[in-house]
Amino acid sequence: MNLGENYLSMTRASTLDFRRKTQGQNNWSGPLRPVNVIRNKFPTYKNGLNGIVIKFADEPEMPSLKESVAKETADLLDRRQRLSVRELAMKFEKGLSTATLLSNEVKCKQVALLERDILLKNLKSVLESLRGQVAGKYKDEIEESVSMVDILAVQLSKRENELLQQKTEVTRIATSLKLASEDARRIVDEERTNARTEIENARAAVLRVQKVLKEKENSSQRIGKQDVDELREKVQEARRVKMLHCPSKAMDIKSEIHVLRDQYAEISSSSTHLLKELELHQSFKENGVPSCELEGLESLGSMLCVVVKNDVALSNSSVQWFRIQPEGPKKEIISGATKLVYAPEPHDVGRYLQAEVNLGGQTSVAKTAGPLDPAPGLVDYVETLVRNPETDYNVVVLQVNGINQPTDSIHILCVGKLRMRLAKGTTVVAREFYSSSMQLCGVRGGGDAAPQAMFWQPREGLSLVLGFETPRERNSAIMLARRFAIDCNIILAGPGDKTPW
């Protein structure tokens with residue numbers, strides 16, 4: 001009877017405690033609905049001093065085993081692309097160990113369920129034996145306890161089925177993880193083998209490169225030594241040659257060459273002068289006309305002067321200068337060149353110059369010995385100026401429309417690619433584009449400044465005579481302006497010049 005009384009007291013206390021916990025919740029038919037059953041929890045049984053005591057424990061809610069494994073697997077699959085082979089193998093091994101632990105946990109829970117099932121069966125058999133021995137109020141309580149045990153058995157069977165399903169799922173996942181871990185381990189081994197092979201190949205390549213570099217360094221040192229020896233031999237040979245050929249000998253040879261050139265120039269000038277005298281003497285002997293000759297250098301930048309022999313007066317004489325082509329006897333009159341002196345201009349280069357002197361009805365002719373020579377270096381100087389868009393010259397205005405002007409002011413003559421401009425400070429005297437009405441040539445009126453003077457007619461009704469600092473600047477200005485005018489399809493010539501060039 002002590003066992004029956006203890007059980008009845010335990011059942012009454014548990015039932016009352018259960019009723020207190022279920023107050024305020026949803027309606028339920030019957031007094032045997034525990035809170036932990038609603039939460040999928042099972043009571044924990046332990047032996048007390050007075051027998052078997054049922055203790056309802058509120059454990060914290062934990063995710064199910066299936067959800068934990070699924071979450072871990074999804075995380076592994078999501079990060080698989082970002083992991084290296086080694087890390088992937090480690091993750092698979094970790095997942096396999098986790099699955100193993102979960103499987104063991106499932107086994108432990110299954111064992112616990114089996115033990116609880118046995119305990120419930122024993123409890124039910126005890127209650128069944130007591131139900132036949134008691135009556136009245138105690139019998140009703142035993143009936144309620146038996147109903148509660150049946151409900152717990154149903155819940156236990158459902159929980160057992162769920163655990164079996166989870167066990168099957170965990171087993172399948174563990175198998176997959178094991179296979180994946182083996183594949184990852186195999187891949188790691190293959191990659192490790194390939195890496196070792198590549199490392200060995202790289203080491204062999206480095207050794208080959210080092211060997212080649214060492215051989216190249218040795219060969220370069222040998223070649224450098226050979227080059228130094230060759231240079232040393234060449235230096236010694238040059239010193240020997242220098243000692244054999246003293247600088248004084250070269251200077252002597254150079255001086256002799258200059259002397260020979262001077263002698264040749266004197267002989268050439270003397271022969272030309274003798275030829276002119278011979279022609280004049282023959283002409284005077286045959287025609288009885290006084291002979292004339294030209295004095296001065298026959299080159300651009302000089303001035304030619306007519307000289308009459310036989311002491312003939314030139315007061316009643318007239319002079320006219322001509323250009324003669326080297327290919328034939330065709331003469332071209334030089335308009336305005338009627339003085340005994342004439343300063344050649346760039347258009348005369350490469351042609352003969354001839355002066356015809358009328359002495360009282362008799363005509364005497366003076367002609368250059370050869371075509372007029374160009375000024376040394378003038379062509380290269382003009383080619384350099386052509387590259388500039390404009391070139392400025394310092395000039396003095398000698399005449400304006402034939403009227404002499406004071407020569408105390410400096411003007412700037414600008415020769416550009418499209419036009420010419422003459423200005424004094426900010427005052428513009430003339431500014432015209434290249435046109436067919438523009439005329440340009442050397443001064444033909446004679447005078448000591450003729451080699452440095454230029455005639456320029458910017459437009460009709462305005463003519464200027466400009467004086468340059470040197471004959472070189474005058475000739476370069478004429479050549480530069482004519483070059484730019486040709487680029488504009490304009491030919492700049494002097495008064496009366498009709499032959500284009």
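The values are calculated or read from the model by the stated rules, or taken from the named source; none is laboratory data. Keep in mind that this is a model prediction, so the values were computed, not measured. Neighbour counts run over all protein chains shown; Cβ positions are idealised from the backbone, glycine included. For the accessible areas, the whole protein counts, side chains as well, though only heavy atoms, and no ligand, DNA or RNA atoms are used. Shrake-Rupley method; radii C 1.70, N 1.55, O 1.52, S 1.80 Å.
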Solvent-accessible surface (1.4 angstrom probe) belonging to Leu274, in square angstrom, nearest 10: 110 Å²
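Quick one: net charge around Val396, please, counting Lys, Arg +1 and Asp, Glu -1 for every other residue with C-beta under 15 Å from its C-beta.
Taking every Cβ under 15 Å from that of Val396, the sum is -3.
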Solvent-accessible area per residue for the stretch 292-367 (1.4 angstrom probe, square angstrom): 46 Å²
Protein accessible area in the stretch 378-488, 1.4 Å probe - carbon and sulfur %: 50 percent
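Could you provide, to the nearest whole Å², the per residue accessible area of the stretch 156-208 with probe 1.4 Å?
Value for the stretch 156-208: 71 Å² per residue.
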Å² per residue, accessible surface of the stretch 397-448 at 1.4 Å: 55 Å²
Tensor-based shape of the stretch 412-501 (alpha-carbon gyration tensor, a/c under 1.5 rounded, otherwise prolate or oblate): rounded
For Ala423, net neighbour charge (Lys/Arg +1, Asp/Glu -1) across residues whose Cβ lies under 11 Å away: +2
Full-extension gain in nm, Cys414 to Ser97, via 0.36 nm per residue minus C-alpha separation: 104.2 nm
Residue order for Ile142, Ile412, Ile223, Ile267 - accessible surface, 1.4 angstrom probe, largest first: Ile267, Ile223, Ile412, Ile142
Candidate residues Arg351, Arg419, Arg474: accessible-area rank, largest first, probe 1.4 Å: Arg419, Arg351, Arg474
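Keeping all protein chains in place and using 1.4 angstrom, which order do Thr391, Thr407 fall into by accessible surface area, from largest down?
Thr407, Thr391
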Surface accessible to a 1.4 Å probe, Val126 within the full protein complex, Å²: 60 Å²
Contour excess over end-to-end distance, with Cα ends at Ser147 and Ala202 and 0.36 nm allotted per residue: 11.8 nm
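Pairs to check: Lys339/Lys417; Lys71/Lys167; Lys330/Lys417; Lys121/Lys158; Lys124/Lys167. Give those whose C-alpha atoms are more than 26 Å from each other in this structure.
In this structure, Lys339/Lys417; Lys330/Lys417; Lys124/Lys167 lie more than 26 Å apart at Cα.
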Residues Asp262 and Glu469, FRET efficiency given R0 of 25 Å [Cβ-Cβ distance, rounded to 0.05]: 0.30
With all protein chains modelled, accessible area of Lys417 [1.4 Å, Å²]: 90 Å²
Backbone N under 15 Å from the Lys424 label point (7 Å along Cα→Cβ), restricted to the stretch 461-485: 464-467
Length released on extending from Lys124 to Thr175, taking residue separation times 0.36 nm less the Cα-Cα span: 14.3 nm
Around Met438: net Lys/Arg minus Asp/Glu count, Cβ-Cβ under 15 Å: +3
Debye, to nearest 20: dipole size of the stretch 333-467, +1 on Lys, Arg Cβ, -1 on Asp, Glu Cβ: 300 debye
